[in-house]
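These notes are about the structure you will find just below.
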Amino acid sequence: MQLILLGPPGAGKGTQASFLEQEHGLAKLSTGDMLRAEVKSGSELGQELQEVMSSGKLVDDSLMISLIRERIAKPDCERGFILDGFPRTLAQAEALTTMLEEVDRRLQHVIELKVDDEALVERISGRYSCAKCGEGYHDSFKLPKQDGVCDKCGSTEFSRRADDNAETVASRLDAYHAQTEPLVAYYRDLGILASVDGMAEMDEVQRQINGIIL
Ligand code: AMP
């Protein structure tokens with residue numbers, strides 16, 4: 001099964017993609033995570049990416065398309081995958097349709113997570129994650145059970161994304177509305193779009209997604 005989770009930054013795509021990965025054995029492909037790993041490597045490309053990402057703008061289509069083309073050819077994608085953060089432009093969506101056709105695969109569902117812009121700013125500015133295992137937390141909605149200790153792996157180190165600050169969030173939302181939102185109509189026309197209420201509790205969103213894909 002091939003799925004896309006579509007929605008603005010902070011809509012909960014990463015959280016829901018992790019649930020789907022654990023529950024259904026699908027590979028989670030987060031382009032944001034892939035790009036952050038490149039930035040962390042300190043490569044020349046990583047330095048260029050960091051500049052674009054900290055401005056809240058989108059990375060070049062051709063780079064993103066080749067990144068995904070290589071990634072979906074890996075063995076862990078054989079059973080299927082969930083795309084989190086890709087495609088983000090019409091050019092990326094069209095390239096994805098073509099590259100899947102080439103390997104005789106297709107998308108089953110594109111699930112749009114609908115969330116109000118005002119809620120997104122609050123969600124994004126409070127989020128952080130465990131520096132070791134990546135488990136996500138939030139200043140208002142999800143604190144570790146024991147103060148300063150990761151529930152999942154016991155680490156005491158946490159980190160915040162450099163682009164999760166008020167100015168960058170505003171331009172990431174602008175980029176979403178201008179460049180990514182048109183994909184809702186693109187996938188609706190292909191007959192594979194379903195929308196869920198991303199403002200609902202995490203478990204409820206998960207239930208709604210399972211109702212669509214099962
Ligand atoms: P995310 O973790 O999905 O919020 O992505 C963080 C940043 O990485 C975005 O603000 C973009 O600068 C960049 N990025 C991630 N995925 C894409 C994509 N599919 N196309 C272009 N830029 C991307």
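Observations, loosely collected:
- Where a residue in the range 114-141 is over 16 Å from residue 171 (Cα atoms) and its partner, wherever it lies, is of a type in the set (Val, Ile, Thr), with Cβ under 8 Å and at least six apart: 114/196; 136/15
- Subset tally (residues that are out of contact with any Phe, Trp or Tyr (no Cβ under 8 Å at 6 or more places or on another chain) and more than 12 Å from residue 80 (Cα to Cα)) for the range 8-27: 12
- Filtered by the rule that a residue be open to solvent by less than 70 Å² (accessible area, probe 1.4 Å) and either in contact with a Pro (Cβ under 6 Å, 6 or more places away or on another chain) or of a type in the set (Ser, Thr, Tyr) (or both), the range 34-51 gives a lone residue, 43.
- Test for residue 136: is it at pLDDT below 95 and either within 13 Å of the ligand (Cβ to nearest atom) or over 29 Å from residue 204 (Cβ atoms) (or both): yes
- Residues of the range 124-157 that are open to solvent by 50 Å² or more (accessible area, probe 1.4 Å), touching a Gly at 6+ places or on another chain (Cβ under 8 Å) and not polar (S, T, N, Q): 127, 139, 141, 142.
- Residue match in the range 93-105 (condition: in a helix (DSSP H, G or I), within 12 Å of the ligand (Cβ to nearest atom) and open to solvent by 60 Å² or more (accessible area, probe 1.4 Å)): no
- First in the range 2-29 and open to solvent by less than 20 Å² (accessible area, probe 1.4 Å), second anywhere and β-branched (Val, Ile, Thr) and in a loop (DSSP other than H, G, I, E, B), Cβ under 6 Å, 6 or more apart: 11/115
- Selected residue (only one of 162, 175 is within 16 Å of the ligand (Cβ to nearest atom), among the hydrophobic types (A, V, I, L, M, F, W, C), under 17 Å from the mean Cα position of the chain (by Cα) and open to solvent by 50 Å² or more (accessible area, probe 1.4 Å)): 162
- Residue 71 being out of contact with any Pro (no Cβ under 6 Å at 6 or more places or on another chain), charged (D, E, K, R), open to solvent by less than 80 Å² (accessible area, probe 1.4 Å) and over 28 Å from residue 102 (Cα atoms): no
The values are calculated or read from the model by the stated rules, or taken from the named source; none is laboratory data. The shown structure was predicted, so the numbers you read here are calculated from the model rather than taken from an experiment. Don't worry about glycine lacking a Cβ; one is built from the backbone with ideal geometry, like all the others, and counts go over all protein chains shown. The accessibility values were calculated without ligands, DNA or RNA, using every heavy atom of the protein model including side chains. Shrake-Rupley method; radii C 1.70, N 1.55, O 1.52, S 1.80 Å.
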